[in-house]
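J.: Here's a structure for you.
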Amino acid sequence: MAVKGHPGGTPPSVGQIADYLLLQSHSAVGLVDRAEAAGFVRRRPDPQDARVARVELTEAGDQAVTELTRDHLEELHKLAAALNALVPEEQETGRAGGQRHHDPQVVVRKSEQAITATSGASTVMTTQPGE
C-alpha cells in the first residue's frame, strides 16, 4: 500500500516506505527484501542518485494490493452496518437533513475516495456489497 499510495510519478525509496510505515530503515529493507522475494515489488536504481533504490509494484503486487483493498472495503461496509445498528435512533438526526453526525457509511465512502485518489486505482470497489 505504501508503494501504490506514493504521490508523484517517481516510485518511493526504501527510506520513504520506512517513513510511511513508521519503521526503522533496516526493518523497511527487510520488508522490501521479503516482498521482492515473493514477486510483489522490484527495486530500480534512482536515475538522479545512484545511492537510492526506488521500489515499484510488479503486476502481481499491484493485483494483490487491489484485492486487499477490495477485501478491506468490504469489511469496512460490514463494520459500518454494525455501527449503524448501535447508534440510538434519537442520535441519528444529529445534523441537518437527517444525516448522522458520524455516519459510518460516509466514513467508508470518504475512505474509498481517498484510496482511489491516492492510488489512481480504478478497480477499487465503490459500492456496498450486494448492490
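J.: If a residue has to be loosely packed, with under 15 Cβ neighbours inside 10 Å and not in a loop (DSSP other than H, G, I, E, B) to count, how many in the stretch 8-19 make the cut?
T.: Selection size over the stretch 8-19: 2.
J.: Restricting to the stretch 32-60, count the residues that are open to solvent by 70 Å² or more (accessible area, probe 1.4 Å) and within 18 Å of the chain's Cα centre (by Cα).
T.: Result for the stretch 32-60: 2.
J.: Yes or no: Gly5 open to solvent by 50 Å² or more (accessible area, probe 1.4 Å) and at pLDDT below 95?
T.: For Gly5, the condition - open to solvent by 50 Å² or more (accessible area, probe 1.4 Å) and at pLDDT below 95 - is not met.
J.: So for the stretch 47-60 (the condition being within 30 Å of Leu31 (Cβ to Cβ), in a helix (DSSP H, G or I) and modelled with pLDDT of 75 or more), does at least one residue qualify?
T.: yes
The values are calculated or read from the model by the stated rules, or taken from the named source; none is laboratory data. These figures come from a predicted structure and were not determined experimentally. Neighbour counts run over all protein chains shown; Cβ positions are idealised from the backbone, glycine included. With ligands, DNA and RNA removed, areas are computed over all heavy atoms of the protein, side chains included. Shrake-Rupley method; radii C 1.70, N 1.55, O 1.52, S 1.80 Å.
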